[in-house]
Amino acid sequence: MKIVRSATVPQSLNTFCKGVLKELSHQYEVVAVSSPGIALDEVGQREGVRTIAVPMQRHISLTKDLKSLWRMWRVLRKEHPDMIHSMTPKAGLISMMAGWLAGVPVRVHTFTGLVWPTSTGLKRRILMATDWLTCACATHVIPEGEGVKNDLLNHHITRKHIEVLGYGNVRGIDLDYYNPASIEVKHNEGFTFVFVGRIVRDKGINELVSAFDRLHAEHNDIRLILVGAREDNLDPVLPNTIERINRGDGIEAVGRQSDVRPFYAQADALVFPSYREGFPNVVIEAGAMGLPSIVTDINGSREIIIDGQNGVIIPSQDEEALYQAMKRFVEHPDEVAAMAAQARPLIASRYEQGYVRQCLYDYYHEILIDQK
């Protein structure tokens, strides 16, 4: 049987399907489809699968989107797959519509996150409409976590039966790679927080830097490591936040890193005050590295963290709650140590990569057998 896996850009296939396509190819004929790029060639070579380039835009562009739909339809008409499985929003819309038009019997889309819950006005309505259309054209929908599932159902994006696989995460984590025993780093004398992600407003950077600044005035030996790139053209943080980051004085911004493990190893806790997520791998990675986390009460984060066991959950966009949580971590090391001791075992029991992948393979077998 033939499976097409699609994503808007090849980096998504590189990230979410690393190793998966190769394992699937032992049982199925697998074709990977995304926008062209070196990363798509890398996917094909590493996974040993055929690749097809279909240009797709991340943002709305009616003319280009129609061209992408036409090209995807032609690919599917030529390939005659038994199933197409998409991820990322634009690839989902184009793949599910093209799959429906081409008569592909099994059409699966994975929602790794939703943008519209934090949008407003016309933009929110457009985003909800595109997700509705994606679900309408799909035969099966996989939400990454119960939070995404509830949003899809409660806002009437779909009335179809949708199923969370395993404990929600669609990627899983390599516990051998994310292992604190494999990284040796000299630890700072004071308490160290680490944030990993894009340095943008929606990740809660304004609140984080402000809360840290207040706490640093009381405990001048604490540190905050910011790991991630700034995206000033898309979702910029406040100018005074940038000024405070640039000043240093306890804050170390290291930019985007290909290997984040040394920064987890330097830290005592992850702080991740994001406004919205699908299922944040950062929180899983930190837990695997033995770190408790301070997270906001949003999709994904509230499923990974059990409040008081492997971290704490605070309201989103609440600087005072964030400050109090960080203060609690600094001033109560015994509590932090107890949560740290539970962090890795909890992650291992739910998100180990082999288990997560097996959930997907079993699901494929089930829906493809049903089709036959």
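The values are calculated or read from the model by the stated rules, or taken from the named source; none is laboratory data. Model, not experiment: these values are computed from the prediction. Every residue, glycine as well, gets a Cβ built from its backbone with ideal geometry; the counts of neighbours run over all protein chains shown.
Observations on the structure shown:
- Test set (1) more than 20 Å from the chain's Cα centre (by Cα); (2) modelled with pLDDT under 95; (3) surrounded by 15 or more Cβ atoms within 10 Å (Cβ to Cβ) - LEU127 fails condition number: (1)
- Search result, residues across the stretch 198-221 that are over 18 Å from GLU320 (Cβ atoms), buried (at least 20 other Cβ atoms within 10 Å of the Cβ) and touching a residue at least 40 places away in the same chain (Cβ under 8 Å): ILE199, LYS203
- Tally of residues being under 15 Å from the mean Cα position of the chain (by Cα) and either over 21 Å from ARG357 (Cα atoms) or assigned to a helix (DSSP H, G or I) (or both) across the stretch 137-148: 3
- Checking every residue in the stretch 253-262 against the condition of being under 29 Å from GLY147 (Cβ atoms), aliphatic (A, V, I, L, M) and surrounded by fewer than 22 Cβ atoms within 10 Å (Cβ to Cβ) gives at least one match.
- Applying the condition of being surrounded by fewer than 23 Cβ atoms within 10 Å (Cβ to Cβ) and closer than 16 Å to PRO55 by Cβ to the stretch 1-12 and asking which residue is nearest to the chain's Cα centre (by Cα) yields SER12.
- Test: residue in the stretch 33-44 that is within 26 Å of the chain's Cα centre (by Cα) and touching a residue at least 40 places away in the same chain (Cβ under 8 Å): yes
- Filter result for the condition that a residue is at pLDDT 95 or above, within 25 Å of ILE367 (Cα to Cα) and surrounded by 20 or more Cβ atoms within 10 Å (Cβ to Cβ), over VAL54, VAL31: VAL31
- Of the residues examined, THR15 is not one that is crowded, with 22+ Cβ neighbours inside 10 Å, assigned by TED's automatic domain parsing to the domain that holds LEU127, hydroxyl-bearing (Ser, Thr, Tyr) and closer than 29 Å to ALA129 by Cα.
- Flag if THR134 is at pLDDT 95 or above, assigned by TED's automatic domain parsing to the domain that holds TYR167 and in a helix (DSSP H, G or I): yes
- Those residues of the stretch 323-357 which are surrounded by fewer than 16 Cβ atoms within 10 Å (Cβ to Cβ) and outside any helix (DSSP H, G or I), in sequence order: HIS332
- Residue pairs meeting the criteria (Cβ under 9 Å; at least 6 apart or on separate chains; first in contact (Cβ under 8 Å) with a residue 40 or more places away in the chain, in the stretch 312-335; second exposed (fewer than 14 other Cβ atoms within 10 Å of the Cβ) and outside any loop (DSSP other than H, G, I, E, B)): LYS327/GLU218; VAL330/GLU218
So that you can scan it fast, the table gives a plain yes or no per residue for (1) out of contact with any Asp or Glu (no Cβ under 6 Å at 6 or more places or on another chain); (2) aliphatic (A, V, I, L, M); (3) farther than 25 Å from ALA348 by Cβ:
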site	(1), (2), (3)
ILE157	no, yes, yes
GLY166	yes, no, no
ASP174	yes, no, no
ALA181	yes, yes, no
GLY197	yes, no, no
GLY204	yes, no, yes
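- Residues of the stretch 80-112 that turn out to be surrounded by 17 or more Cβ atoms within 10 Å (Cβ to Cβ) and out of contact with any Lys or Arg (no Cβ under 7 Å at 6 or more places or on another chain), as a count: 20
- Just one residue in the set PHE111, PHE193 is modelled with pLDDT of 90 or more and assigned by TED's automatic domain parsing to the domain that holds GLY311; that residue is PHE193.
- Residue in the stretch 144-155 that is at pLDDT below 95, touching a Gly at 6+ places or on another chain (Cβ under 9 Å) and of a type in the set (Val, Ile, Thr) present: yes
- Qualifying positions in the stretch 281-304 - in a loop (DSSP other than H, G, I, E, B) and within 15 Å of the chain's Cα centre (by Cα): ILE298, ASN299, GLY300
- Yes/no for GLU189 being of a type in the set (D, E, K, R) and more than 27 Å from LEU322 (Cβ to Cβ): no
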